[in-house]
Structure formats: structure tokens, C-alpha cells
1. Which of (1) more than 30 Å from T184 (Cβ to Cβ); (2) surrounded by 15 or more Cβ atoms within 10 Å (Cβ to Cβ); (3) not aliphatic (A, V, I, L, M) is the odd one out, the single condition R106 does not satisfy?
2. Tally up the residues in the range 128-166 that are within 30 Å of G23 (Cα to Cα), among the hydrophobic types (A, V, I, L, M, F, W, C) and surrounded by fewer than 15 Cβ atoms within 10 Å (Cβ to Cβ), please.
3. Looking only at residues in the range 43-57 that are surrounded by 11 or more Cβ atoms within 10 Å (Cβ to Cβ) and not hydroxyl-bearing (S, T, Y), which one is farthest from R69 (Cα to Cα)?
4. Would you list the helices (runs of 4 or more DSSP H) that sit entirely within the range 60-155 and hold 1 or more residues that are of a type outside the set (A, V, I, L, M) and under 30 Å from L27 (Cβ atoms)?
5. Provide a single number: the residues in the range 87-101 that are polar (S, T, N, Q) and buried (at least 16 other Cβ atoms within 10 Å of the Cβ).
6. Could you identify the single residue in L117, L144, L124 that is of a type in the set (A, V, I, L, M, F, W, C), at pLDDT 95 or above and either within 24 Å of L51 (Cα to Cα) or not assigned by TED's automatic domain parsing to the domain that holds A217 (or both)?
7. State yes or no: is A84 in contact with a helix residue (DSSP H, G or I) (Cβ under 7 Å, 6 or more places away or on another chain), modelled with pLDDT under 90 and surrounded by fewer than 14 Cβ atoms within 10 Å (Cβ to Cβ)?
8. Would the range 66-80 turn up any residue that is surrounded by fewer than 16 Cβ atoms within 10 Å (Cβ to Cβ), touching a Gly at 6+ places or on another chain (Cβ under 7 Å) and not aromatic (F, W, Y)?
Amino acid sequence: MNAALSLRRNPVSLALSRTLWAGVWYLAAYQVMGWALFAIALTALIAAASLSFTLIGLPVLVAAAVVMRWCANVERARLRPFAAVTGRYREVAGTGVMAQLSTRWRDPATWRDLAYLVGVFAPLVALDLAVLVIWLTFLVGITLPAWYWAPWQSIHGHNFHGYQLGYFPNGPNGHPGYGLYVDTLPKALLAAAVFLILFLLFNYVVVATARLHVITARALLQGAEDPLREAKELLSRPGPLQEFIKHVRS
């Protein structure tokens with residue numbers, strides 16, 4: 001992972017940095033893209049599973065693997081600003097539906113795609129949403145002095161203007177009452193100051209959540225490293241070893 005989601009900033013510089021807003025955008029976009037890709041992948045999987053006992057189910061299974069691969073590539077594209085993630089899939093050996101089916105569904109990359117798109121979707125989307133809601137609450141709270149007077153409620157025939165930060169069933173001066181009933185500008189400024197501090201501190205949670213999501217996605221969507229990659233690269237380079245191999249083959 002590059003430094004796009006670094007936490008090594010003071011609270012003010014973090015709030016003004018690209019780091020925070022990139023993380024917010026990544027988490028917010030997942031609330032749309034995550035649901036869409038989950039629905040597509042799950043629909044393809046259910047259709048394939050329901051037809052898997054018939055002949056028509058064989059090409060549907062192949063199509064389901066292709067659809068999940070496409071969905072995974074969409075997520076890999078979303079990860080590019082934060083991490084380089086490349087899927088490594090097995091090449092189909094042979095021709096025909098059975099060759100496609102055997103290669104794709106025996107490929108660990110297909111199952112990793114499924115794990116990300118469907119398996120960990122619920123905890124990721126729930127965590128991202130909870131963090132975003134809290135963050136937005138603190139952000140809106142900073143603007144409280146501009147609109148604290150607008151909300152109102154009618155209690156026992158009397159109208160009370162102000163915003164409740166707590167529980168006030170009998171109005172701002174009634175009992176019981178817990179918290180802060182913001183009905184004056186000084187109270188609104190005090191509440192906004194508290195929200196500002198909470199916002200600056202919670203930004204670290206937002207970025208940390210984005211980092212966790214990226215790490216999870218990268219772990220599942222990154223293709224497994226070829227253990228023979230270095231040897232293959234060495235053999236492909238021009239040099240004495242390659243000339244010797246050509247001489248032996250000739």
C-alpha cells in the first residue's frame with residue numbers, strides 16, 4: 001500500500017489532506033458499488049447453483065465465474081489509488097465448456113473473488129456505513145450555530161426552538177432532562193467546538209477503516225505469487241544460460 005492512506009499527520013493537516021477525503025470517497029462509493037457488485041455476483045451464483053444439476057447449468061457455471069471475475073476487476077480498479085492489485089487467473093487448458101468449467105472453478109482466484117464479493121460483504125458494508133454516519137454526524141454538528149434555532153417541538157401547548165443533544169421530554173427547562181438543549185448561540189458555539197474536536201479525532205478512525213478495507217480487498221483480490229516467477233524471468237533473459245538451453249535443445 002502506498003502513502004495515500006497514511007495516518008502520520010496531525011489532526012488539522014489530516015482534515016485538510018487528500019488522505020481523509022480519498023478515504024471518505026472510497027468508503028462512501030462502496031455503499032453503492034459494493035451493493036451493486038454483491039447483487040450481480042450473488043445473482044450469478046444462485047442462477048448457476050440452481051441449474052448446476054442440468055446440462056444447461058454447465059455454461060451458466062462458466063458464465064458465473066466470468067461475471068465474478070468482472071466484478072472483482074471493478075473492485076481492483078477502485079483500489080488503484082491506494083494499492084496495485086493484479087488478479088492472476090489460470091489459463092484455460094483445452095477447448096469446450098468442460099475445460100472452461102474445470103479450469104475456472106478449480107482456480108483459487110475464483111474462490112477469492114467470491115469470498116470478497118459475497119463472503120465479507122456484510123461486515124465491510126456495515127462497518128463502512130457505521131463509520132461514515134458517525135463522521136457525518138460530527139461534521140454536521142460543527143455547523144450547529146447556523147441552524148440550531150430551526151428545529152422546534154410543541155410540549156403542553158408551548159413551542160420550544162432548539163436542537164436536543166440528549167433527552168428532554170418536557171422541554172429545555174423541564175425535568176427529567178439529560179444532555180444539552182441547544183437553544184442559544186453560546187450553547188451552539190460550545191456544542192460546535194466539541195463536535196469539531198470529535199471530528200478531528202474521528203478522522204483517524206475513518207482513514208484507519210479505509211486502510212482496513214483496502215488491506216482486506218488486497219488480500220483477497222491479489223493473485224497468488226508464482227513461486228517460479230524469478231526462475232522464469234531468469235530463463236527468459238538473454239544471456240549465456242539461454243544460449244546454453246538453445247544449444248541443448250538443438
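1. That leaves (2) as the condition not met.
2. Selection size over the range 128-166: 6.
3. Step one: list which residues in the range 43-57 are surrounded by 11 or more Cβ atoms within 10 Å (Cβ to Cβ), which gives 43-52, 57.
Restricting the remaining residues to those that are not hydroxyl-bearing (S, T, Y) gives 44-49, 51, 57.
Numbers: A44: 11, L45: 12, I46: 16, A47: 16, A48: 15, A49: 17, L51: 20, G57: 18 Å.
If we take residues in the range 43-57 being surrounded by 11 or more Cβ atoms within 10 Å (Cβ to Cβ) and not hydroxyl-bearing (S, T, Y), then L51 is farthest from R69 (Cα to Cα).
4. Per the criteria, 108-114, 121-142, 144-147.
5. Final tally of qualifying residues: 1.
6. Numbers: L144 fails: at pLDDT 95 or above; L124 fails: either within 24 Å of L51 (Cα to Cα) or not assigned by TED's automatic domain parsing to the domain that holds A217 (or both).
None of the others qualify; the one that does is L117.
7. no
8. Step one: list which residues in the range 66-80 are surrounded by fewer than 16 Cβ atoms within 10 Å (Cβ to Cβ), which gives 66, 70, 73-74, 77, 80.
Of the ones still in play, those that are also touching a Gly at 6+ places or on another chain (Cβ under 7 Å) are 73.
Still in the list and also not aromatic (F, W, Y): 73.
Among the residues of the range 66-80, at least one is surrounded by fewer than 16 Cβ atoms within 10 Å (Cβ to Cβ), touching a Gly at 6+ places or on another chain (Cβ under 7 Å) and not aromatic (F, W, Y), which makes the answer yes.
The values are calculated or read from the model by the stated rules, or taken from the named source; none is laboratory data. Keep in mind the model is a prediction, meaning the values are calculated, not measured. All Cβ positions, even for glycine, are placed from backbone atoms using ideal geometry, and neighbour counts span all protein chains on display.
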